[in-house]
Structures are given as C-alpha cells and as structure tokens.
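Novice: Pasting a structure here, questions to come.
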Amino acid sequence: MASYLTVMVVAVVATALSVPPLRIVSRRSGAMAHPSDRSVHAQPTPLLGGTALLIGVLAGLAAAWFLDDLDAVFATPGNVVGVVTAAVVMWLTGLVDDLRDISPPAKVAGMVLSGSMLTLVGLTIIYFRVPFVGFTVLPPDLSALVTVVWVVGMANLVNLIDGLDGLAAGIVAIASGAFFLYGWELLDEGILDPSNVGPLVAIATAGACIGFLPFNFNPASIFMGDSGALMLGVLLASSTIAVGGQSDDPFSGQSWFFFAPLVLPLVILAVPLIDTLFAILRRATKRRGVATADKEHLHHRLMDLGHGHRRAVLIMWAWTAVLSGFVLFPVYTGRGDAIVPIGLAALGLLLFTLFAPTLIRRAAARG
C-alpha cells in the first residue's frame, strides 16, 4: 500500500506544479474557454488543464517504475505502455478539439484509436459477467469490440459531466479511488495477479485529479477541457478492464451476486451515467446530435433548484461517495448489511438535494 500511496502523492504534486506554467502558456497561446450561452463561467479561462492531468499520471507511473514493490507490474511492460499510449492518443484528440473544434465523427475516431491501443497490447475484456445471466468468455474479435465500446462509453461519460468547476475531476477522483480499493482488496486476497496494471492506473488517476482540484474548483482558474475529460475516461476504462475484464475468479460476486467487476464502475458512476443516458434520449427526441451541448444536465437542474455552483458539485460528489461505499462495504466485509446505513445516507442526501434550497431561503427570509 505504501508504494501505491507514493505513486498517488507523486501524481498529486506533479499535477499541481504543472498547472501554473500551463495557465501562462494557455493565456499566451489563446487556448481559452470563452463564456457562452452553453457555459456557466463568466470569464475567459485557460483550457490546457488536461495536459497537467497527463503530466501527473505519467509522473505517477514513472515513480512506480522505481518502486521495488511494483516490479511485477513492469515485468511485462506491454500493458503499461498500452495504457500510456491510449491516454496520449485520447489527450491529443481532446486537445485538437479544444483548439480547433473537430467534427464529432473525427473525435469518435480518436476514441476508437485510443481503445484500439489497449486491444493491441492484449488489455481487453475477456471475461464478462452479466447479472442474472452468468459468466461468459468472449472470443478475441468480440473482446476487442467490447473493449473499444467500453473505452468510448467511459470517455463520453466523463466528457458529458464536465460542465461545472471541479465536477468531473472530483467524481473521477472518488471513482478511481474506490476502484483502487476494490483492486487492492483483490490483490490482498491473492485473487488478482501482482502484475495487474489496474490498481496502479486507478491510483495514479486519482492522484492527478486530486492535484488538479484546487485549481479547478469554483471559481476555476483552469479547465481540463476535452483533452483532460477524454483522457480521464480512457484511464478509468483501462483500470476497470484490467481488474474486471481479465479476472475469472468468483470473489467479486460472493457478497452480492450482481457485483460483477464490470458492474462496479457503473454503480459508482451511476449518477453521471444516468445523466448521460438522459442526455442521449433528450437530444434524440429533439432530433439533435448526441454531441450537441445543452444546459439540461443534472448539475444544471441542481442549480435550477436553487443550489449554488459549489453546492451542486458537492452534492454530485456526495452521491458518488455514497455509491462507492455501497460497493466497497460488501467487498471488504463479505456482508451486505451496509444497505441500511448507506440507504439512510442516500435518503438524507436526497432530502437535502430536494429541499435544502427552500429551507435556506426561508431561513434567510426570517433572518
């Protein structure tokens, strides 16, 4: 655990140190996000934060190379090289879009290329558990296809929730941290091979997001842009594929049968996932392109309810944390009785989400 924590600290520091010079470069090069009717920020804001996230992740992985406890991960470095290549391709795809506004098909092509990098090194979804159905071993061609679809889905999920300062970075930090803890438990139980790259990628991703948040939380002094959001998506996909798609041990289903490994990130990311699905349906019914931006996401609706910018972000972080606890408790204890306290926490958070603005306004009126 100490080695993984070292990786996280290096990623945090490297990301934080790279933000100030990147803000200067962003201003001088004109790489700025300007206010529009589809955004909530009022001032032009530097847009090269994705590069800081990439630097943080790469620094964390480089630090891991020198840690003896993690030698097994680099014994066959193909998976690490594949993840880095996929992340760089996705970062570059997003960066071009940030600077030049490329077409949606071109962006999807970059995502497919990124996912293909993982398949070339064998980092694919081989074992697939479907809740209520059972266990399936995917043939190579279908495995590659499912892997690319998983990468494209995760990248778009993170990109679509990147609508408020700190929202995407915070949710990915919580999700990556939760998935690292899941992978670490499998390592500790001897179920996951020490050479598995998943926990390492997850902890480096969490560290980069943590290092970025002080500069990205409202009022943000830098945005991650599509370069950061898409890259975080492929890193999430990589870690979940490595842990969930390449292990055939039944441990993950012993506590609650529906906790197939690839379901875990979907549970943890349920709030942005639901938001993404509704966005697709909403735009389809209005005959708009799926990539067409609007201000009808969950975080926009929270603000319409009366929550401020920061509170809306904190509420969505809280939902992600509650769902992470819902997933991790049975994994670590082998028991499912956390449903009562976690259910109460979810109920309390729901009541706060719905009624806090009204109560606060009434209290202010009395005062």
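The values are calculated or read from the model by the stated rules, or taken from the named source; none is laboratory data. Owing to the predicted nature of the structure, the values given are computational and were not obtained by experimental measurement. Every residue, glycine among them, receives a Cβ derived from its backbone with ideal geometry; neighbour counts consider all protein chains shown.
Novice: In segment 251-291, how many are hydroxyl-bearing (Ser, Thr, Tyr), part of a helix (DSSP H, G or I) and at pLDDT below 65?
Specialist: Summing the residues that are hydroxyl-bearing (Ser, Thr, Tyr), part of a helix (DSSP H, G or I) and at pLDDT below 65 in segment 251-291 gives 1.
Novice: Residues that are within 19 Å of the chain's Cα centre (by Cα) and in a helix (DSSP H, G or I): does segment 33-49 have at least one?
Specialist: Checked against the condition, which is being within 19 Å of the chain's Cα centre (by Cα) and in a helix (DSSP H, G or I), segment 33-49 yields at least one hit.
Novice: Tell me the residue from 207, 163, 183, 233 that is more than 22 Å from residue 69 (Cα to Cα), of a type outside the set (Phe, Trp, Tyr) and in a helix (DSSP H, G or I), please.
Specialist: Criteria check complete, one pass: 233.
Novice: Do we find that residue 72 is closer than 22 Å to residue 242 by Cα, small (Gly, Ala, Ser) and at pLDDT below 95 in this structure?
Specialist: In short, yes.
Novice: Among the candidates 115, 153, single out the residue that is under 18 Å from the mean Cα position of the chain (by Cα), surrounded by fewer than 19 Cβ atoms within 10 Å (Cβ to Cβ) and not polar (S, T, N, Q).
Specialist: None of the other options fit; the residue is 153.
Novice: Now for a separate question. Could you go through segment 335-356 and let me know if any residue there is modelled with pLDDT under 70, crowded, with 16+ Cβ neighbours inside 10 Å and touching a strand residue (DSSP E or B) at 6+ places or on another chain (Cβ under 8 Å).
Specialist: The answer is no, given that none of the residues of segment 335-356 is modelled with pLDDT under 70, crowded, with 16+ Cβ neighbours inside 10 Å and touching a strand residue (DSSP E or B) at 6+ places or on another chain (Cβ under 8 Å).
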